[in-house]
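Working notes, structure below.
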Amino acid sequence: MGPFRYDVCVVGGCGHVGLPLALAFARAGLAVSVHDIDDRAVALVRSGRMPFLERGAEPILREAIGRDLEVANDPGLVTRSRHLVVIIGTPVDEHLNPKFHAMRRFFLDLRPHLADGQCVILRSTVAPGTTEKVHALLAKTGLDLHVAFCPERVAEGYALEEFATLPQIVSGCTERAVAMASELFAKVAPSLIRTSPLEAELTKIFTNVWRYIQFATANQFLMIAADRGVDFYRVFDAMTRDYPRMAGLPKGGFAAGPCLFKDTMQLAASSDNNLLLGHAAMLINEGLPSFVARRLKDRYPLDRMRVGILGMAFKAESDDHRESLSYKLRKVLEAEAAEVLCTDAYIDDPTFRPLAEVVGRSDLLIVGAPHREYRSIEPPASTPVIDLWNFLGRGTGLA
Ligand SMILES: NC(=O)c1ccc[n+]([C@@H]2O[C@H](COP(=O)([O-])OP(=O)(O)OC[C@H]3O[C@@H](n4cnc5c(N)ncnc54)[C@H](O)[C@@H]3O)[C@@H](O)[C@H]2O)c1
Ligand SMILES: CC(=O)N[C@H]1[C@@H](OP(=O)(O)OP(=O)(O)OC[C@H]2O[C@@H](n3ccc(=O)[nH]c3=O)[C@H](O)[C@@H]2O)O[C@H](CO)[C@@H](O)[C@@H]1O
């Protein structure tokens, strides 16, 4: 370990992907530190509680905290760690451009806390070319630093299961960076895939953009079918049943969250906006709440109806509401319906109502997130249910 007290410091390590990774390192027997500027999250984690839902995480946290895992809002932890894994948010700005200046600011602020011999591993999804830019920025410090990019690919909420099964992509700007990052991730990943930094950046971002475009394709078909008075899931069944060539067609539904939309816009902005498929996917996926509202307005006297939204999270069985289209739907409907009631099985929000009340009092129900808790709802036979995922098996309700 040499001059370093910790094997690794996860910077942004109280976040949705940083914290599970820190726990995976601690579980593998490494000495782990976490530096995060969110004091509320730091206090929660130090008390052994997870700030968000992550399956299987809390027992590992309780066992590791204060023993193999030190957590604080303290950049001094960075100085004492051999590897730094940086997993702060990489949002796009109001123009849907990646915020490289935020990354630059972050590293300039971190500069006094860096030490000779460290391996700095970027893990947030970044626009192509970012790792080399960070390498050039850190070269100016005159320190002997090794810069790597090792993208996170797990699905939030299932990280601790997926770390054990997914290969880790490892790339670095120097041979030494690749060797140090490989040594670290070999402790938690079943296998490593070595690429150049640019290849790794494209691998991660193409994966998310591909997923986003696939959902948009299904959503576009769903809207075209609904406009023709046809339920998409009758067509979906006919397309996919016993026909292996269509096995890749996903179902429709709200596709959003903190990654897919943002990463599609990052790739577009960093490719001179030459990503027609990505922009088209964004218009389709982000337009789905308005499409639903318009169809409902055509068919029902919405202004005299109470509408219930079941599930406000951005995806099933999650408590994460970031960039959730259920909120966009609520906003659109609040301008059209007499009242909008919301409920969520995973999110605590004083404006939400209990499930039974929303099901019992609404004149029309819309599945916003297909949480398994809603599978057994029994609304009155007269209550229409809109279900873009065909989660309840009765079609979209839009045809
Ligand atoms: N959420 C996912 O499922 C997921 C999956 C793969 C990759 N990613 C990538 O990881 C990034 C982080 O995602 P997330 O969901 O964990 O975000 P998050 O907001 O939950 O976590 C980011 C954490 O970084 C901390 N932070 C911000 N600035 C900091 C600073 N200067 N110093 C120390 N800590 C700082 C924040 O307080 C927060 O706790 C995303 O931008 C995305 O590119 C996310
Ligand atoms: C499974 C997967 O590859 N997820 C990637 C995604 O996770 P992320 O956490 O974004 O989750 P998902 O990709 O599963 O879901 C994203 C969105 O797509 C919607 N949805 C999902 C499944 C479906 O069949 N239909 C549908 O519409 C969800 O409701 C959600 O709004 O971005 C992360 C951040 O970079 C990556 O690390 C994950 O690897």
Counting each DSSP H run of 4 or more residues in the chain as -39500 (n - 2.57), what helix-only mean residue ellipticity at 222 nm follows after dividing by all residues, to the nearest 500 deg cm²/dmol?
-12000 deg cm²/dmol
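Which ordering of Val292, Val42 is given by a fewest-first count of other beta-carbon atoms within 10 Å?
Values: Val292 24, Val42 20.
So the ranking, lowest neighbour count to highest, is Val42, Val292.
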Between rounded, prolate and oblate, where does region 1-129 land on the alpha carbon gyration tensor, with a ≥ b ≥ c its root eigenvalues, rounded for a/c under 1.5, else prolate if a/b exceeds b/c?
oblate
Sorted by Cβ neighbour density within 10 Å, fewest at the top, the residues Lys204, Lys133:
Lys133, Lys204
Pairs of Cα atoms under 8 Å, at least six residues apart: use those to get the relative contact order of the chain, whole percent.
12
If you line up the long axis of helix 100-110 against the longest principal axis of the chain, both from Cα atoms, how many degrees apart are they, to the nearest 10?
40
Cβ-based net charge around Gly393, under 15 Å, with every Lys or Arg adding one and every Asp or Glu removing one
+2
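Sorted by average packing, counted as other Cβ atoms within 10 angstrom per residue and highest first, what order do 282-289, 147-154, 53-60 take? Provide the component values of the computation, followed by the final result.
Details: 282-289: 20.0, 147-154: 24.4, 53-60: 15.6.
The packing order, highest mean first, is 147-154, 282-289, 53-60.
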Taking amide H positions as placed 1.01 Å from N in the peptide plane, with prolines and chain starts having none, which residues 5 or more places from Arg194, or on another chain, fall under 5 Å of its amide H?
Val170
List the pair-distance distribution P(r) of region 163-273, using every Cα-Cα distance, as the percent of pairs falling in each 5 Å bin from 0 up to the bin containing the longest distance, rounded to whole percents.
2, 10, 14, 14, 14, 14, 12, 8, 5, 4, 2, 0, 0
Whole-angstrom gap from region 266-343 to region 235-250, using each part's C-alpha centre
26
Short version: ³J(HN,Hα) in whole Hz for each residue of region 264-273, in order, from phi by Karplus 6.51 cos²θ - 1.76 cosθ + 1.60 (θ = phi - 60°), x for Gly and Pro, what are they?
5, 5, 4, 5, 4, 5, 8, 10, 6, 6
Along region 294-306, what does the Karplus equation 6.51 cos²θ - 1.76 cosθ + 1.60 (θ = phi - 60°) give for ³J(HN,Hα), rounded to whole Hz, x for Gly and Pro?
5, 4, 5, 5, 5, 9, 10, x, 4, 5, 10, 10, 9
Dipole magnitude (debye, nearest 20) for the chain, charges at Cβ of Lys, Arg, Asp, Glu:
360
Using a ≥ b ≥ c from the Cα gyration tensor of region 230-387 (square roots of the eigenvalues), is it rounded, prolate or oblate, where a/c under 1.5 gives rounded and otherwise the larger of a/b and b/c decides, a/b for prolate?
prolate
Degrees between helix 197-227 axis and first principal axis of the chain (Cα, 0 to 90, nearest 10):
0
How big is the gap, in Å, between the Cα center of region 156-174 and the Cα center of region 48-105?
15
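Take the Cα radius of gyration of the chain and divide it by 2.2 N^0.38 Å, with N its residue count; two decimals is plenty. Walk me through the numbers before you get to the answer.
Values: Rg = 23.0 Å, N = 399, 2.2 N^0.38 = 21.4 Å.
Normalised Cα radius of gyration, the chain: 1.07.
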Any residue on another chain or 5+ positions along whose placed amide H is under 5 Å from the amide H of Leu341 is listed here as Val307, Gly308, Ile309
Assign one of three labels to region 49-198, namely rounded, prolate or oblate, based on the Cα gyration tensor with a ≥ b ≥ c the square roots of its eigenvalues; rounded applies when a/c is under 1.5, prolate when it is not and a/b is larger than b/c, and oblate otherwise.
rounded
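Can you sort Thr131, Thr203 so the residue with the fewest Cβ neighbours within 10 Å comes first?
Details: Thr131 26, Thr203 16.
Listing Thr131, Thr203 from fewest to most nearby Cβ atoms yields Thr203, Thr131.
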Once amide hydrogens are built 1.01 Å from N within the peptide plane, the residues lying 5 or more places from Val10 or on another chain with amide H under 5 Å from its amide H are Ser33, Val34, His35, Val85
Rounded to the nearest 10, the angle in degrees between the Cα long axis of helix 18-27 and the longest principal axis of the Cα atoms of the chain comes to 60
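Only the coordinates and a few stated rules stand behind these numbers; no lab work does. Quantities reported herein were computed from a predicted structural model and do not represent experimental measurements. In this analysis, Cβ positions are derived from the backbone assuming ideal geometry, glycine residues included, and neighbour counts consider all displayed protein chains.
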